[in-house]
Amino acid sequence: MSGSSAPSAVASTAASAAPSASAAPSAAASQAPASPLATAVPTSLDPCQVITSAEASQLTGASFGAGKETTLSGNSKMCVYGGNTHNVFEIIVAIAPDVATAKAAEAQTEADAKKNAAQLQQGLNITKMPNFAPGTDAFMLEIKPNALGIQGRGLGVLRGTSFAYFDDLAMPGSVPSAAAMQAEAMTVLSRLP
């Protein structure tokens with residue numbers, strides 16, 4: 001789901017807590033929903049290996065060290081690169097017990113992203129990409145720069161019961177192009193069950 005916030009809107013954010021200029025990306029990054037898939041099954045899938053530090057660095061132009069892996073409530077797993085910096089990259093992976101649950105989680109991730117983007121007072125575009133790859137639907141989230149210069153881009157893929165979302169949130173600076181995110185999504189898909 002953007003640095004863990006608006007696009008990745010993967011942790012909960014207080015509606016009244018707008019990030020300060022110095023903490024914007026990391027604050028936004030931690031605003032991702034608590035879990036994109038509240039009923040995921042336990043998995044040994046390592047999100048820090050689905051997109052490595054070197055790959056995240058190449059994609060964003062930032063220099064990231066080792067990622068921090070966390071298991072979210074509901075068994076989703078997240079890896080964050082650059083936490084508490086001005087460029088935060090995250091990836092979340094989850095395996096649903098069934099396709100219906102996976103599709104519901106994808107819809108919830110999009111709804112959470114919209115909510116968090118509204119809290120950050122930023123424009124958000126969501127582009128759905130049905131049949132992104134064989135048997136795979138995708139969506140891209142793009143957060144327009146706000147007054148603080150915070151912007152982000154994220155991409156989620158859903159293939160059967162496997163879900164992955166990754167995003168980059170930067171302040172100031174640029175985020176990967178839509179084409180670069182789509183190319184990285186193909187690599188991500190090759191690493192999902």
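Do any of K114/K144; K68/K128; K115/K144 go past 19 Å between their Cα atoms, and which? Beyond 19 Å: K68/K128.
In the range 132-193, which chymotrypsin sites (Phe, Trp or Tyr not before Pro) fall in coil by DSSP and have 15 or fewer other Cβ atoms within 10 Å? In loop regions of the range 132-193 (DSSP not H, G, I, E or B), there are no sparsely surrounded chymotrypsin sites (Phe, Trp or Tyr not before Pro). Put in line by how crowded their Cβ is, counting other Cβ atoms within 10 Å and starting with the fewest, T52, T71 read T71, T52.
Decide, for the range 24-191, between rounded, prolate and oblate: order the square roots of the alpha carbon gyration tensor eigenvalues as a ≥ b ≥ c, take rounded if a/c falls under 1.5, and otherwise choose prolate if a/b is larger than b/c, else oblate. Rounded is the answer for the range 24-191, as its axis ratio a/c remains below 1.5. Peptides 147-159, 56-68, 91-103, ordered by how many other C-beta atoms sit within 10 Å of their residues on average, highest first, read 147-159, 91-103, 56-68.
Taken together, the values in this text are just the output of simple stated rules run on the coordinates, not laboratory data. What you are looking at is a predicted structure, and each value in this text was computed from that prediction instead of being measured. Virtual Cβ from ideal backbone geometry, glycine too; neighbours counted across all protein chains shown.
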